[in-house]
1. Going by accessible area, probe 1.4 Å, with all protein chains left in place, what is the ranking of Glu557, Glu433, largest first?
2. Cut-off 19 Å, label point 7 angstrom out along Cα-to-Cβ of Phe391: give me the residues of the range 358-384 whose amide nitrogen falls inside.
3. Subtract the Cα-Cα distance of Thr574 and Thr450 from 0.36 nm times their separation in residues, and report this length gain in nm to one decimal.
4. Tell me the net charge near Gln553. Cut-off is 15 Å between Cβ atoms, Gln553 excluded, with +1 for each Lys or Arg and -1 for each Asp or Glu.
5. Provide the packing ranking of 435-444, 470-479, 293-302, i.e. peptides ordered by the mean count of other C-beta atoms within 10 Å per residue, highest first.
6. Which value in nm describes the separation of the simple spin-label points at Val381 and Thr324, placed 7 Å from the Cα toward the beta carbon?
7. Considering Cα pairs under 8 angstrom that are at least six residues apart, work out the relative contact order of the range 226-353 and quote it in whole percent.
8. Local charge sum around Ile570 (other residues, Cβ-Cβ under 13 Å, Lys/Arg +1, Asp/Glu -1)?
Amino acid sequence: MHNPRSSYNQSSPKPSLCPLNRLKQAASKSEDLSNKVNFSDHSYNYYNLSANQYANPYDSSNSQHGVYNENRSSELSGFQRQTHFSQHFYEEPCQNEMTEYDTPLTSVQKAYMKEKQINLSSISLEQTYWDRENSPIYMETYAALPEPHIYQDTSFLLNKFSKLGKSSPSLDQGYHTLMSPSSGSTGNTAWSDKGSHKGKNHKMKNNSFDQLSDESIMKIFSFLGSKDLSSCARVCKRFNHIAWTPCLWRTVRISGENMSGDKALKRIMRKVGSEGDSGVCHSIERIEIVEGAKLSDKGLLLLARKCPDLVHLQLLGCINITNTALFEVATRCHNLQHLDITGCIKISCISVNDPSTHSRLQLQYLDLTDCPYVNDNELRVIVCHCPQLTFLYLRRCIQITDMGLKFIPSFCSSMKELSVSDCINITDFGLYELAKLGATLRYLSVAKCTQVSDAGLKVIAKRCYKLRYLNARGCEAVSDDAIITIARSCTRLRALDIGKCDVSDAGLQALAESCPNLKKISLRNCDLVTDRGVQSLAYFCRGLQQLNIQDCQISLEGYRAVKKYCKRCIIEHTNPGFF
């Protein structure tokens, strides 16, 4: 006799014995028909009927004869008898309880009983049949499903019994072979491959991000930087495949003092490189090694070989790279237009490896700030190979003199921005040469070039009359004479820095009257400037946005005048009384 306390009965919240536990058990004639099972709260008698007793005893067609329909059961096939058995399994209360079969049933009751018979061959789980939320089966398999999947029509018993059968010896392992799926069921059967999940520990995920297409995720990834893309690539296989799509790696930025640029570039080139073209990364156009990241000639040579379409290269503070590796980049990367090697102290020149070819670089932007080994001869080579240079910054290149500056207008006639600040060997003769650039020059910085005086700035002002920015900070030999000439010649001036120059209110008066579109001006350490000059400047240049009057003899009256006429002006000062 089958033990009613099987693993299935223990998982059910109701004490009644599931009829499926008794399925496929042949009823023996020698077996006692009545088996009493006692539970803590009540008891039940279960009956195993013989094959010819499966007909409904309350069938209206045979109730008048008072006998079972034996002919009907004899015509059933083996499969139908099994199904028919499950349809008419019933339970009877114990003898100490009042039974409803003690009194004859009316025709209405018979019809009601026939209508309420349960067809277990096509049964599907409903919330009103079992309280499945409290069932361990539900907790194990359906608790993680989204709400629409819980109430869909599915052969729950069929699928879950076959799953429990792997670990429960009391369940029939071959039960699913006796059942046919319900015609109205939309769930997947045990033998169907549709919707089956491969993998031992696979669990259905309720993740809305997984519903996005690869194109949508790629669009999101396009807003991420190199570091974030590398992090996303470690999330899962799908993200790894999408994150290393070449089109997402047009810009590579490697930053951080603990970062090795050589290793990072090697890994990126291996992931992004084309398999059919020797690992060449045609998609990479911009590379930035900044914020203390370390790069050597090895990494730079790898970059030159793998990134022929490079357009923008920024190497800040890479003190280990030399001219050899940089020449290789200039030779192989024919489309390179922007090169910033600020702080690369071992770099002295930029050229190609084969000078006999007389090849020209496409460089338009070159920043050699803090490259102390650049001298006049190296500057000549640079401007000779880069005739399209438009932006050139030579800050703190202390070996450059007036002889080197004369090569700039000779080879780079389209120069717009030039900085030679802190080049202490530059004099007025060098400015005479730079004045040959004429109206194309828009930006000039000669800050802290202590040998520059009024004579040199006058020539610049008259020849380069379209100047927008002029920085003469620290040129103590510059006075009102040069400022008045600049004001009258360069009427399009937008920014002017004349800090620590010998400028007074007369120079500011000329600037205020001739340059009404002035936006930024610095008068720091100009001891001769008073409230009168600042008031004139504020009254005529009402679009002023930034004013530096640190260490100047400006009182609260001048400060209030600027606040009155220049509503958006930011004032930098050191007077605590202005707060």
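The values are calculated or read from the model by the stated rules, or taken from the named source; none is laboratory data. None of the values given here were measured: they were computed from a predicted structure. Using ideal geometry, Cβ is built from the backbone for each residue, glycine included, and neighbour counts are taken over all protein chains shown. Note: areas computed on protein heavy atoms with side chains; ligands, DNA, RNA excluded. Shrake-Rupley method; radii C 1.70, N 1.55, O 1.52, S 1.80 Å.
1. Of Glu557, Glu433, the descending order of accessible area is Glu557, Glu433.
2. 361-371, 383
3. Difference between extended and current length: 42.1 nm.
4. Charge balance near Gln553 sits at -3.
5. Working: 435-444: 18.0, 470-479: 21.8, 293-302: 20.3.
Final packing ranking: 470-479, 293-302, 435-444.
6. Roughly 1.5 nm, to one decimal.
7. 20
8. Numbers: positive: Lys519, Lys520, Lys563, Lys567, Arg568; negative: Glu572.
Taking every other residue near Ile570 into account, the sum is +4.
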